[in-house]
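The structure's right below; bear with me while I get my questions together.
The values are calculated or read from the model by the stated rules, or taken from the named source; none is laboratory data. In this text the structure is predicted, and so the values were computed from the model without any measurement. In this analysis, Cβ positions are derived from the backbone assuming ideal geometry, glycine residues included, and neighbour counts consider all displayed protein chains.
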Amino acid sequence: MEQRLRKAIDVIKGVKIPDLPKEIMELDMELACKFPNNQKVADIIESNTKLSGEVLRLVNSPVMKLKSPVTSIREAVDRLGYDNLKNLVIAAAIKNMFDKPQVQEIVEHSTDTAFCCAELSEHIADVSRDEAYLLGLFHNGGCLMLATKDPENYLKIFSHMNTHPVSGVHKEFELYDTYHMDVGLLLGQKWKLPIDMLNVILNHHDDAEHSNDKLRAMTSMIKVANIIVNEVSYGSYMTEEAYSYLDRACGDLMIDKDSVNAVRRALVAFA
Ligand SMILES: [Fe+2]
């Protein structure tokens with residue numbers, strides 16, 4: 001694995017892995033206190049206007065499905081709790097970080113996938129909507145890095161991987177000598193994502209069985225969400241490969257066609 005990661009670092013040479021924003025580091029420090037101060041937490045988020053605007057937008061969006069709107073960051077801290085809010089702050093920050101035209105298609109794909117993950121999380125024990133959303137947004141972070149490095153060609157392989165979720169990643173390896181999952185792991189590590197999320201980022205195209213139920217469910221959630229987005233948002237044709245990928249992942253999540261259709265409809269309303 002170490003060798004694979006060294007290779008990934010080599011391949012993206014010249015593209016800086018974005019640093020964790022200072023607001024998130026400050027947030028981590030405050031949340032590490034025995035008794036974090038809610039006003040201080042709110043002040044840290046509000047010190048970056050763009051970030052706090054995106055956090056509020058996310059909190060009040062269908063991603064979180066709150067019964068009544070939140071009107072301030074302080075209210076978001078009080079109502080959501082630290083862990084949930086932090087997931088949304090990281091999600092807002094990564095979105096701001098990759099706000100560049102050459103990777104817009106991948107950002108939009110990840111945003112739709114993240115929304116589908118939030119919807120699918122309702123079927124998974126111990127996975128919150130914000131956690132699912134953050135993972136959906138980050139899972140293809142390696143694609144964002146590779147597309148930043150090679151915007152002219154990477155989008156072609158990205159779209160091929162969407163319709164060919166298994167053979168497509170082998171093609172990616174042939175062309176780039178690395179996998180986006182490995183590059184994504186580097187980004188996730190730098191952003192101090194929880195170990196569960198790092199594991200899913202690394203294995204989200206694999207067929208290997210996870211012994212851990214939560215990991216298996218989160219990996220299958222990413223797979224189902226991806227196929228729904230390809231179909232609904234991009235009108236991609238469903239290859240045999242994509243069909244069997246979807247079937248296996250749905251079996252793992254123990255969800256039926258009606259549940260998948262409900263996520264499809266929610267995405268149409270969201271997009
Ligand atoms: Fe992927």
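Inside region 86-102, can you point out the residues that are within 15 Å of the chain's Cα centre (by Cα) and in a helix (DSSP H, G or I)?
Hits for region 86-102 are K86, N87, L88, V89, I90, A91, A92, A93, I94, K95, N96, M97.
Continuing with the same structure: Name the helices (runs of 4 or more DSSP H) wholly inside region 126-182 in which the number of residues that are out of contact with any Lys or Arg (no Cβ under 7 Å at 6 or more places or on another chain) and free of Cβ contacts under 8 Å to residues at least 40 places away in the same chain is 3 or more.
Qualifying helices (runs of 4 or more DSSP H): 151-163, 167-176.
Follow-up question, since we're still on this one. Would you please list the contacts, defined by Cβ atoms under 6 Å and residues six or more apart or on different chains, that run from a residue in region 17-34 that is over 12 Å from K86 (Cα atoms) to a residue that is of a type in the set (A, V, I, L, M, F, W, C) and part of a helix (DSSP H, G or I)?
Listed pairs, sorted by first residue: I17/L186; I17/L187; P18/M97; P21/A93.
Looking only at region 189-230, count how many residues are among the polar types (S, T, N, Q), over 16 Å from C143 (Cα atoms) and either modelled with pLDDT of 95 or more or not in a loop (DSSP other than H, G, I, E, B) (or both).
Number satisfying all stated conditions: 3.
Any residue at all in region 212-219 that's crowded, with 21+ Cβ neighbours inside 10 Å and within 30 Å of D19 (Cβ to Cβ)?
Yes, some residue in region 212-219 is crowded, with 21+ Cβ neighbours inside 10 Å and within 30 Å of D19 (Cβ to Cβ).
Of all residues in region 192-211, how many are within 13 Å of the ligand (Cβ to nearest atom) and surrounded by fewer than 19 Cβ atoms within 10 Å (Cβ to Cβ)?
Summing the residues that are within 13 Å of the ligand (Cβ to nearest atom) and surrounded by fewer than 19 Cβ atoms within 10 Å (Cβ to Cβ) in region 192-211 gives 2.
Let me confirm something: among L51, L27, L20, which residue is modelled with pLDDT of 95 or more and either under 30 Å from P151 (Cβ atoms) or aliphatic (A, V, I, L, M) (or both)?
On inspection, the qualifying residue turns out to be L27.
Related question: Is region 158-179 home to any residue that is of a type in the set (A, V, I, L, M, F, W, C) and either outside the structural domain of K13 (by TED's automatic domain parsing) or out of contact with any helix residue (DSSP H, G or I) (no Cβ under 8 Å at 6 or more places or on another chain) (or both)?
Scanning region 158-179, I find at least one residue that is of a type in the set (A, V, I, L, M, F, W, C) and either outside the structural domain of K13 (by TED's automatic domain parsing) or out of contact with any helix residue (DSSP H, G or I) (no Cβ under 8 Å at 6 or more places or on another chain) (or both), so the answer is yes.
Can you name the residue in region 159-189 that is polar (S, T, N, Q), within 19 Å of the chain's Cα centre (by Cα) and away from the ligand (no atom under 11 Å from the Cβ) and, of all such residues, is surrounded by the fewest Cβ atoms within 10 Å (Cβ to Cβ)?
In this case the residue turns out to be Q189.
Select from region 65-82 the residues that are touching a helix residue (DSSP H, G or I) at 6+ places or on another chain (Cβ under 6 Å) and buried (at least 17 other Cβ atoms within 10 Å of the Cβ) and write down the one among them that is nearest to F270 (Cα to Cα).
For region 65-82, the residue satisfying everything is V70.
Test V15 against the stated conditions and say whether it is surrounded by 15 or more Cβ atoms within 10 Å (Cβ to Cβ) and touching a Leu at 6+ places or on another chain (Cβ under 7 Å).
When the stated conditions are applied, V15 does not pass them.
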